[in-house]
1. What about residue A:267, is it in a helix (DSSP H, G or I) and either touching a residue at least 12 places away in the same chain (Cβ under 8 Å) or away from chain B (no Cβ under 14 Å) (or both)?
2. Could you say which residue among A:136, A:168, A:197 is within 14 Å of another protein chain (Cβ to nearest Cβ) and either surrounded by fewer than 14 Cβ atoms within 10 Å (Cβ to Cβ) or more than 23 Å from the chain's Cα centre (by Cα) (or both)?
3. Quick check on region A:180-192. Is at least one of its residues of a type in the set (S, T, N, Q), in a helix (DSSP H, G or I) and within 14 Å of another protein chain (Cβ to nearest Cβ)?
4. State whether one or more residues within region A:239-260 are within 30 Å of residue B:161 (Cα to Cα), hydroxyl-bearing (Ser, Thr, Tyr) and surrounded by 14 or more Cβ atoms within 10 Å (Cβ to Cβ).
5. Quick one: would you say residue A:160 is crowded, with 16+ Cβ neighbours inside 10 Å, part of a helix (DSSP H, G or I) and more than 27 Å from the chain's Cα centre (by Cα)?
6. Need the failing condition index for residue A:72 against (1) surrounded by 11 or more Cβ atoms within 10 Å (Cβ to Cβ); (2) at pLDDT below 85; (3) not assigned by TED's automatic domain parsing to the domain that holds residue A:196, just the number.
Amino acid sequence: MKHLRSFFSFTAPLIIMLVTFCIYLIVNKVVHNYKDKITNDYSIIMVSNTPFSKIDEVSGIKIRDIKILKKDKIIEDIRNELSDSSLDLLNKKLPYFYQIYLEEFPTTLKLEEIRKELITISNVKRVETFTSDHNKVYSLLILIQDIIIILFVITLLLSILLISKQIKIWFFEQSERISIIQLHGGSLLYSSKPIIKIMVTSSVTSIIFVSILLFLTINNISLFVRPEILMLIPKITDLEFDILKIMLLAISIPMVTFLGLAIQHKVNS
Amino acid sequence: MILATNITLTYDNKKNIIENGNFHIHEKEFVFISGSSGSGKSTLLKSLYGELKAKTGHLFVNKIDLTKKDPLKLLKLRKNLGIVFQDYKLIKDYTVEENILLPLKLHNYDDKVSNNQVKNLLNHVQLTHKAKAYPDELSGGEQQRVSMARALAHNPALILADEPTGNLDEYSASVIWKLLRDANKLLGITVVVVTHTIPKDFLLKYRRFNIDDGVIYEAS
């Protein structure tokens, strides 16, 4: 019973930390995928008096593609309302319209910077960024992502605190054994073998538990998310990589905490 | 084997427990360190296995200078020591067998060699029937015999014993004295025993250092 209690005292904070990390991973994926989706759809319209010969002319901005909007298409809609001579004149006087696709979806601030940058180019008359269209959902997702990061950091700190407390208890329980082994020339790591063993067992248990939980959540995401939101979320893949991250976190946090406390124990003794 | 020159021992730089101690213990010697309670016998022994660093002077044990801070050399020294304590210092969740195996494991002995060695030692200390028992299931005398077996397991060059018979009845104490004498006589191990009760038949045979008021001197 005592062993079980100390096992859970160590495993529970680790699992809570890993679950928060999973939520962070999922939200990150959703935001990232949504970013890709809106970046593909999103473009800036730029109006210029002269044609551009190269994309490089728009310096400092990561551009995926620039498409020129054909004048014929623009004139097509008003052709019937104008005389031939007016159409000719319009054709000559109409500026060049460009549709600029960016490599990544910018924040509102970045978008304003891009707009200012573009407007400084000579002969550019106007730049339309259509900021409000995409920013509402995107900002909400960014807000959720930030909240999750803060939540994860808080959980991480609390977990480290609880984990270190449990490791300290184990050091205290094993202090006699540790000192006997050290008297016989055993290193601190060797004499702390039982602590390392229970830590590894707890970490592996946590990894298995959280990986199953993550797998089940991803495959049954419709149970947790409303259908209208679900439509916005592309399919989440690359779970293997996420499980690897979980494994790294589940092993590194207890190990680093243990090493810190082991050094402290050595200094104190 | 052990050379101390002008060593001063103290806890937390308070009162000096040993002052300017000088002594030399040769290889394969059997030596007693005696003195009244609180005279600093155990403190001196602590310095011999590196638990307490001398404030001044030089202390060489098995050619390792213990006045220098070198954790790796200290581990090396301890691996080649056999230590016996008054309170046995057996690991409670290890069986008798596992306790004796400890120094062999620390030396990475082969399993087969280790098991044979443990078998021989259990036979030597007459505890073969208690191999699977835990320390709490043994009497004080038996626990000290396990402690002796552990100290002998890896054929150390030096055995340090701190009041090895302090908690034992007369019979159990005589068994431990015999084991210590055999270790020295038959195996050529240097033995340093801290005690305030030296058996009569040992008294005239071996050298004895006495500690009185922080001063170490060889008693005649």
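The values are calculated or read from the model by the stated rules, or taken from the named source; none is laboratory data. What you see is a predicted model, and the numbers here were worked out from it, not measured in a lab. Cβ: placed from backbone, ideal geometry, glycine included. Neighbour counts: every protein chain shown.
1. no
2. A:197
3. Yes, the conditions are met somewhere in region A:180-192.
4. There is no residue in region A:239-260 that is within 30 Å of residue B:161 (Cα to Cα), hydroxyl-bearing (Ser, Thr, Tyr) and surrounded by 14 or more Cβ atoms within 10 Å (Cβ to Cβ).
5. no
6. The failed condition is (1).
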